[in-house]
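Enquirer: The structure follows.
The values are calculated or read from the model by the stated rules, or taken from the named source; none is laboratory data. Because the structure is a prediction, the values reported are computed rather than measured. Note that each Cβ is placed from the backbone with ideal geometry, even for glycine, and that neighbours are counted across all protein chains shown.
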Amino acid sequence: MATARRVRSAEWIAAAAEPSGFPPPREPEIALLGRSNVGKSSLLNRLVGRRGLARTSGTPGKTRLLHWYRVERGDDVFALVDLPGYGFAKVSKAERKVWQRLVEAYLDGRRALRVAVLLQDLRRDWSEDESLLLDWLAERRVPALVAVTKCDKEKPMRRALRERALRSAIGLPVERVIATSATSGLGIDDLWRAIEREL
């Protein structure tokens, strides 16, 4: 994929608080998932080149619904799906369970889903939660990529050390772990290439 390919249009099309509200699957779907405040909405906005398409917040747990965005890029049409974050959100355990059921219902039964992009903050250690999630996706034969986010937040030498440590902990092939920054645009073309291999 040449970097000249551009997003021709991107629009919000649906949100759902429960599986019965999921829109009919029309185009291939790419799911963005990860911890609360990992930067899903910011990365989505950078991918499509629309600063305010997905609303961002510094408050963990702000995104509590699944949001669908229809994207036309080059000759391709697909949907980016922004999933609610997990962990750290200041909500009750009961609400977290509702979130978990909602996210699992989507990931486990969505026939349009082509790839799940798991976001990982460069500054946080890889945890059992992320490993279990990758295992869970693998068991269901959902291809997974890892986008390491907020790479602009560290100085180059520290960033290189953190990237190396994360890649070792994640254990996926090198081309499936992409260092990114929604602020600087680092890795966005690489992430598109990885996504489009799955489409």
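Enquirer: Here is a list of conditions, (1) closer than 19 Å to residue 18 by Cα; (2) modelled with pLDDT of 95 or more; (3) of a type outside the set (A, V, I, L, M), and residue 63 meets all of them except one; can you say which number that is?
Expert: That leaves (2) as the condition not met.
Enquirer: Looking at segment 145-182 only, could you name the residues that are surrounded by fewer than 18 Cβ atoms within 10 Å (Cβ to Cβ) and of a type in the set (S, T, N, Q)?
Expert: Within segment 145-182, 168 is the sole residue that qualifies.
Enquirer: Which members of segment 67-90 meet the condition of being modelled with pLDDT of 95 or more and touching a Pro at 6+ places or on another chain (Cβ under 8 Å)?
Expert: Within segment 67-90, 68, 78, 79 meet the criteria.
Enquirer: Can you say whether residue 115 is modelled with pLDDT of 95 or more and in contact with a Pro (Cβ under 7 Å, 6 or more places away or on another chain), as far as the supplied structure shows?
Expert: Details: modelled with pLDDT of 95 or more: yes; in contact with a Pro (Cβ under 7 Å, 6 or more places away or on another chain): yes.
Taking the combined requirement at face value, the residue satisfies it.
Enquirer: Restricted to segment 112-144, and to residues that are under 17 Å from residue 176 (Cα atoms) and among the acidic types (Asp, Glu), which residue is surrounded by the fewest Cβ atoms within 10 Å (Cβ to Cβ)?
Expert: So, considering only residues that are under 17 Å from residue 176 (Cα atoms) and among the acidic types (Asp, Glu), the one surrounded by the fewest Cβ atoms within 10 Å (Cβ to Cβ) is 135.
Enquirer: A further question on this structure: Would it be correct to say that residue 182 is of a type outside the set (Lys, Arg) and over 22 Å from residue 79 (Cβ atoms)?
Expert: no
Enquirer: In segment 183-199, which residues are surrounded by fewer than 19 Cβ atoms within 10 Å (Cβ to Cβ) and under 15 Å from residue 144 (Cβ atoms)?
Expert: If the condition is that a residue be surrounded by fewer than 19 Cβ atoms within 10 Å (Cβ to Cβ) and under 15 Å from residue 144 (Cβ atoms), then 197, 198, 199 are the ones that fit.
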